[in-house]
Amino acid sequence: MSPRGWAVLTLAGLAVALIVAGALLIPWHRPPAPRADQLAALRSLPVDQVARGRAFHGALRPAAWSALAVGLVVALVLGLTPLGARLVALAGRPFGDHWLAQAVLGGLAVLLLADLLTLPFAAWRQTVLTRYGLSTQGWDGWAVDLLKSYAVSAIIGALVPLGFYSVVRLAPRWWWAFGAAGAALLVVLLSFVLPVLVEPVFNRFTPMEAGPLRTELVSMAARDGVPVRDVLVADASRRTRAVNAYVSGLGPTRRVVVYDTLLREATPEEVTSVVAHELGHARDRDVWTGTLTGALGAALAVVALYLIGSWTPVLRLAGVDSVAQPRAFPLLIALVTVAGLVATPVQALVSRRIEARADAHALALTGDPVTFEAMQRRLAGVNLADPDPPRWEYLWSASHPSTVERMAAARAYAREIGR
Ligand SMILES: [Zn+2]
């Protein structure tokens, strides 16, 4: 069988693996709380809080959609016309058109151009965050954050094409197989190292100071069967007033992180409720689920790129002979951008199911739906959430159930346990 035949077979195998993993690991059967409870929850929220959350999201929307549209247009123009290939060639010219220069500098040029063209929308977003008092950063702090994130993407954006085109040269017929394995491995590696390598670039993490709250959190984690060495506090207040918590990392790098803003804004009982939700993620191995599905998706994407990329009409549009040459990098970016767009609502749906399970875990672990609901109300108030967002926006990108869904879930749980 030809490499192409094997690629088709591998693609089918990966698709089946992804579907099976998704069916087994994602809690699909989790009906949302009754709409009547949601509406009752909505009515219980202060009218001005709801209005402010809606106004804030209305103000963010034009910047977000413009950034998405411009990013898509830039990717398509560079990838599906010869412009991108010319840009890559230009970047390699001072170095005698060497493939290495084309791969690294050309790749960086494409990514940087996309970043620069969407920069005005990032600034627009920042003006909205400032106007609504959610950002605690001046433009200097914002610019430093931006440069840091450019630096992180530049490192990844240089290493990925470098690795990719090295493999292509070493295995001209089978690069897609090595590339798929490499992409999957990279996803797993990133899950391990992000919390220790990348997160500290943006925030300082300190162990929560000893006291009744820390003692309660650590003992709750032990009771839950997910012992944590430490609860880390991130200095999020240098950037935002918003409150949050999360788990990240795998095995030795696993950590529960709470924002310092959360400790400042919420009662100890509410913090406990938030951490109970995070323990749900740890207990259900949600980081592993995300890593595994991400790794399968990345491998599948590489094989699909190989197959689509050997389609002559697409190559002709991009003005290249083969997807395996560095000048075709913009074409790869265009295909990945479109795939990312298609995957957005699917990822959001999966995330909402997983978040709803973590909420159910928090309710069961604390047995305290009243505090859970108070915590949701506080989170929505401080973070300027739209408690009941427009349906299309929710389906497109909401990573969590809405505030009213989460409050309604607490009310349903309270009825269940008879409180
Ligand atoms: Zn969560």
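The values are calculated or read from the model by the stated rules, or taken from the named source; none is laboratory data. Here the structure is a predicted model, which is why all the values come from computation and not from measurement. Using ideal geometry, Cβ is built from the backbone for each residue, glycine included, and neighbour counts are taken over all protein chains shown. What goes into the accessible areas is simple: the full protein's heavy atoms, side chains included, and nothing from ligands, DNA or RNA. Shrake-Rupley method; radii C 1.70, N 1.55, O 1.52, S 1.80 Å.
Ellipticity at 222 nm from helices only: DSSP H runs of n ≥ 4 in the chain, each -39500 (n - 2.57), divided by the residue count, give -24000 deg cm²/dmol.
The peptide list 279-289, 42-52, put in order of mean Cβ contacts within 10 Å with the highest first, becomes 279-289, 42-52. Seen against the Cα atoms of the chain and their longest principal axis, helix 107-131 is set at about 30 degrees. Between the residues Pro330, Leu262, Gly53, the greatest Cα displacement towards the positive end of the dipole of the chain, with unit charges on the Cβ of Lys, Arg, Asp and Glu, is found for Pro330.
Between the alpha-carbon centres of segment 1-35 and segment 52-119 there is a gap of 30 Å. Ordering 114-126, 79-91 by mean Cβ neighbour count within 10 Å, with the highest value first, yields 79-91, 114-126.
For every other residue with a beta carbon closer than 10 angstrom to the beta carbon of Pro195, add +1 if it is Lys or Arg and -1 if Asp or Glu, then tell me the sum.
Value of the local net charge: +1.
The three principal axes of the Cα atoms in segment 1-146 give end-to-end lengths of 67, 48, 25 Å, sorted in falling order.
Think of the chain as having a plus end and a minus end, set by charges on the Cβ of Lys, Arg, Asp and Glu; of Leu14, Tyr246, Gln126, Leu14 sits farthest toward the positive end of this dipole.
Computed about the Cα centre, the dipole magnitude for segment 29-98 is approximately 180 debye when only Lys and Arg (+1) and Asp and Glu (-1) carry charge, each at its Cβ. For Leu292, the shell of other residues with beta-carbons less than 14 Å away shows a net charge of -1, using +1 for Lys and Arg and -1 for Asp and Glu.
When segment 182-340 is described by a simple charge dipole with +1 on each Lys and Arg Cβ and -1 on each Asp and Glu Cβ, the residue from Ala295, Ser310, Val201 located farthest towards its positive end is Ser310. What a 1.4 Å probe finds exposed on segment 86-197 is 76% carbon and sulfur by accessible area, rounded to a whole percent. Computed from Cα positions, the angle between helix 329-366 and the longest principal axis of the chain comes to roughly 20 degrees.
With charges set only on the Cβ (+1 for Lys and Arg, -1 for Asp and Glu), what does the dipole of segment 287-419 come to about its Cα centre, in debye to the nearest 20?
It comes to approximately 60 debye.
Glu270 exposes around 10 Å² of accessible area when a 1.4 Å probe is run over every protein chain in place. Measuring nothing but protein heavy atoms, the accessible surface of segment 273-419 at 1.4 Å probe radius is 62 percent carbon and sulfur. Each principal axis of the Cα atoms in the chain has its own extent, and those three values, largest first, are 70, 48, 43 angstrom.
Packing, taken as the mean count of other beta carbons within 10 Å per residue, orders the peptides 259-269, 220-230, 244-254 from highest to lowest as 259-269, 244-254, 220-230.
Shown in residue order for segment 145-152 are the 3J(HN,Hα) couplings computed by the Karplus curve 6.51 cos²θ - 1.76 cosθ + 1.60 at θ = phi - 60°: 4, 5, 5, 4, 5, 4, 4, 4 Hz (x for Gly and Pro).
A Cβ-based charge dipole, computed about the Cα centre of the chain with Lys and Arg at +1 and Asp and Glu at -1, lands at about 660 debye.
Neighbours of Ala380, meaning other residues whose beta-carbon lies under 15 angstrom from its beta-carbon, give a summed charge of -2 when Lys and Arg score +1 and Asp and Glu score -1.
Computed over protein heavy atoms with a 1.4 Å probe, the accessible surface of the chain works out to 49 Å² per residue.
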